[in-house]
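Below is one structure, written out as structure tokens; comments come after it.
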């Protein structure tokens, strides 16, 4: 018996229950009109992807954590490899964070839901 991998579903826009249906309507986080449009139910297994009103408010904290981790890693790389250009750190990180906003938005929502939904076990045939 193998379970659907939660990390796979979070990283590849898949349903946390079955690992097959798409979580967001579009595959790209950079589709300007539809980057935030979600399926209400999984197209494959029918899992409710919007459990209750306000459920994704907790995803704000996940998003914040992703930003903090990214900024710390970015800063450490900058300090260790580009020390003579440290003055440019703030000028470079702001556009990068703006560009990563749609990606972190989607990643935070998928991560938040994956915490609360247990993946189904599947039979593995050889």
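The values are calculated or read from the model by the stated rules, or taken from the named source; none is laboratory data. Note that the structure is predicted; figures quoted are calculated from it, not measured. Positions of Cβ are backbone-derived with ideal geometry, glycine not excepted, and every protein chain shown enters the neighbour counts.
One residue stands out among those in the stretch 19-60 that are closer than 18 Å to residue 6 by Cβ and assigned to a helix (DSSP H, G or I): the one that is nearest to the chain's Cα centre (by Cα), which is 59. Residue-level check: of (1) touching a helix residue (DSSP H, G or I) at 6+ places or on another chain (Cβ under 7 Å); (2) surrounded by 13 or more Cβ atoms within 10 Å (Cβ to Cβ), residue 20 misses just (1). Scanning the stretch 19-34 for residues that are out of contact with any strand residue (DSSP E or B) (no Cβ under 8 Å at 6 or more places or on another chain), touching a residue at least 60 places away in the same chain (Cβ under 8 Å) and farther than 15 Å from residue 119 by Cα yields a count of 2. On inspection, residue 38 fails the criterion of being touching a residue at least 12 places away in the same chain (Cβ under 8 Å), touching a helix residue (DSSP H, G or I) at 6+ places or on another chain (Cβ under 8 Å) and farther than 13 Å from residue 110 by Cα.
Residues that are at pLDDT 90 or above and within 18 Å of residue 8 (Cα to Cα): does the stretch 82-103 have at least one? The answer is yes, given that some residue of the stretch 82-103 is at pLDDT 90 or above and within 18 Å of residue 8 (Cα to Cα). Taking the listed residues 3, 29, 65, the one that is modelled with pLDDT under 90 and surrounded by fewer than 17 Cβ atoms within 10 Å (Cβ to Cβ) is 3, with no other qualifying.
Residue count for the stretch 6-18 under the criterion of being under 15 Å from the mean Cα position of the chain (by Cα) and over 17 Å from residue 112 (Cβ atoms): the result is 0.
Inside the stretch 46-99, residues that are out of contact with any helix residue (DSSP H, G or I) (no Cβ under 7 Å at 6 or more places or on another chain) and closer than 24 Å to residue 18 by Cα make up a count of 10.
Residues satisfying the criterion are present in the stretch 115-125 (criterion: part of a helix (DSSP H, G or I) and either out of contact with any helix residue (DSSP H, G or I) (no Cβ under 7 Å at 6 or more places or on another chain) or in contact (Cβ under 8 Å) with a residue 24 or more places away in the chain (or both)).
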